[in-house]
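The values are calculated or read from the model by the stated rules, or taken from the named source; none is laboratory data. Model, not experiment: these values are computed from the prediction. Cβ atoms come from the backbone with ideal geometry, glycine included; neighbour counts cover every protein chain shown. Quick note on the areas: whole protein, heavy atoms, side chains included, nothing else; ligands and nucleic acids left out. Shrake-Rupley method; radii C 1.70, N 1.55, O 1.52, S 1.80 Å.
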Amino acid sequence: MSTENAGFTSKDYYFDSYAHFGIHEEMLKDEVRTVSYRDAIMKNKHIFQDKIVLDVGCGTGILSMFAAKAGAKHVIGVDMSNIIDKAKLIVEENGLSDKVTLLKGKMEEVAMPYEQVDIIISEWMGYFLLYESMLDTVLLARDKYLAPSGKIFPDTATMIISTIEDGEYKEDKLNFWDNVYGFKMSCIKEAAMSEPLVDTVEARVINSSQCAFKTIDILTVTKEELAFSAPYEISITRDDYVHAFISWFDIEFRACHKPIRFSTGPFSKYTHWKQTVFYTKKTLTVCKGDTIKGNITCAPNSTNPRDQDITISYELEGKEESAQDYMEFRMC
């Protein structure tokens, strides 16, 4: 570790990570993400025309430039990461310096040139929607700067849960620790089981209905409501085995003239958010029509609020077996 980084906290490392070009390349090449934002802005020029726009966590400035091209009177982009130094050059290179002002620093500390803004745009979502997300910062900006009739792009996020059959992966990655060249390493297996897996899941392994367990209205949600407990109920769609729960999220731009939506789920085109997998301790034998119901809790970790503490309880009353459990996870 370099001496200049010796006093870094986990939050500092979070912001520092977004100074690396590879992360921005991955996000910009995510066409589902970037094209959805572009269309939400560029196909609604009548909403952006002559408006003051705030881009929270502007990164390379791509959303700020979309807004400027859509006719915004002035766009203010704010980012704490060093990538904003490159973003200023990008804005200048594209001849938009007269319309786009980029400010480096924390949203709560920067000197804004306006007391109010008409529109907030932000790509704030993280894995499992809320892991390492910037939603807290968006809400701070909303409460401090958004005009009473203002709009937020996007304005709605929905979290979804289902189940999967994934025996091969579970055997290879998790049960491996039961016998490592004749030795048991159960402590590592326990640690691995408590950490959700972010990966691309094929639609063919989904074996239940999907349940939307949490919808967030960005215009009205409070920071306190981001720690929540929510019930869910799903129905098994075929005779199979359940090795894990899977979650993803859908995003909506309802402020558009014609609402624009995209999904990060396995039935849709790939996004860099992928899906989040929560493995069960035991394999569940399920039949078509069986019901699994339970509760999901999610809250920022007390030590590092960008991490998420997640619990999933389930109860299966099936044709072949009955089972219930309570599982604890931490995304870190």
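Which residues' amide hydrogens lie under 5 Å from the amide hydrogen of Thr237, considering only partners 5 or more residues apart or on another chain, with H built in the peptide plane?
So Thr237 has HN proximity to Ser208, Ser209, Gly289.
Would you please name the trypsin sites (Lys or Arg not before Pro) within segment 227-332 that are DSSP coil residues with at most 15 other C-beta atoms within 10 Å of their C-beta?
Details: sites: Arg238, Arg254, Arg261, Lys269, Lys274, Lys281, Lys282, Lys288, Lys293, Arg306, Lys319, Arg330; in loops: Arg238, Arg254, Lys269, Lys274, Lys288, Arg306, Lys319.
Hits after loop and neighbour filter: Arg238, Lys269, Lys288, Lys319.
What relative contact order, as a whole-number percentage, does the chain give when Cα pairs under 8 Å and 6 or more residues apart are counted? Write down the numbers at each step before the final one.
On the way: 705 pairs, mean separation 52.8, N = 332.
With pairs under 8 Å counted, the relative contact order is 16 percent.
Sort the chain into rounded, prolate or oblate with this rule: let a ≥ b ≥ c be the square roots of the eigenvalues of the Cα gyration tensor; rounded if a/c is under 1.5, and if a/c is not under 1.5, prolate when a/b is larger than b/c, oblate otherwise.
prolate
With every protein chain present, what is the per residue accessible area of segment 157-331 (1.4 Å probe, Å²)?
Values: 8800 Å² over 175 residues.
It amounts to 50 Å² per residue over segment 157-331.
How far, in nm, would the chain grow between Lys144 and Leu219 when pulled straight, counting 0.36 nm per residue and subtracting the alpha carbon separation? Kindly include the intermediate steps, with their values, before the conclusion.
Values: separation 75, 0.36 × 75 = 27.00 nm, distance 1.27 nm.
25.7 nm is the gain from fully extending Lys144 to Leu219.
Among the trypsin sites (Lys or Arg not before Pro) in segment 170-216, which ones are in a DSSP loop with at most 16 other Cβ atoms within 10 Å of the Cβ? Mind listing them?
Lys184
Among the listed pairs Lys45/Lys223; Lys189/Lys274; Lys170/Lys282; Lys45/Lys214; Lys51/Lys99; Lys69/Lys144, give every one whose C-alpha distance is greater than 19 Å.
Lys45/Lys223; Lys189/Lys274; Lys45/Lys214; Lys69/Lys144
Leaving out ligands, DNA and RNA, and with a 1.4 Å probe, what % of the accessible surface on segment 157-331 is carbon or sulfur?
Ligands and nucleic acids excluded, carbon and sulfur reach 50 percent.
Pop out the ³J(HN,Hα) list for segment 287-301 in order, Karplus 6.51 cos²θ - 1.76 cosθ + 1.60 with θ = phi - 60°, rounded to Hz; leave Gly and Pro as x.
Computed from phi, the couplings for segment 287-301 are 10, 4, x, 4, 10, 10, 9, x, 9, 10, 10, 8, 7, x, 5 Hz.
Normalised by the number of residues in segment 10-123, what is the relative contact order in percent for Cα pairs under 8 Å and 6+ residues apart?
28 percent
To the nearest 0.05, how large is the calculated FRET efficiency for Phe267 and His46 if R₀ is 41 Å and r is the Cβ-Cβ distance?
0.80
For the chain, what is the mean residue ellipticity at 222 nm derived from helices alone (per DSSP H run of n ≥ 4: -39500 (n - 2.57); sum divided by total residues; nearest 500 deg cm²/dmol)?
Per the formula, -6500 deg cm²/dmol.
For segment 10-123, which whole percent of the accessible surface, found with a 1.4 angstrom probe, sits on carbon and sulfur atoms?
50 percent
With a ≥ b ≥ c the root eigenvalues of the C-alpha gyration tensor of segment 10-123, is it rounded (a/c under 1.5), prolate (a/b larger than b/c) or oblate? Working shown, then result.
Numbers: a/c = 1.70, a/b = 1.24, b/c = 1.38.
Because a/c hits 1.5 or more and a/b fails to exceed b/c, segment 10-123 counts as oblate.
Which value, in debye to the nearest 20, describes the size of the charge dipole of the chain about its Cα centre when Lys and Arg Cβ atoms bear +1, Asp and Glu Cβ atoms bear -1, and nothing else is charged?
I would put it at about 940 debye.
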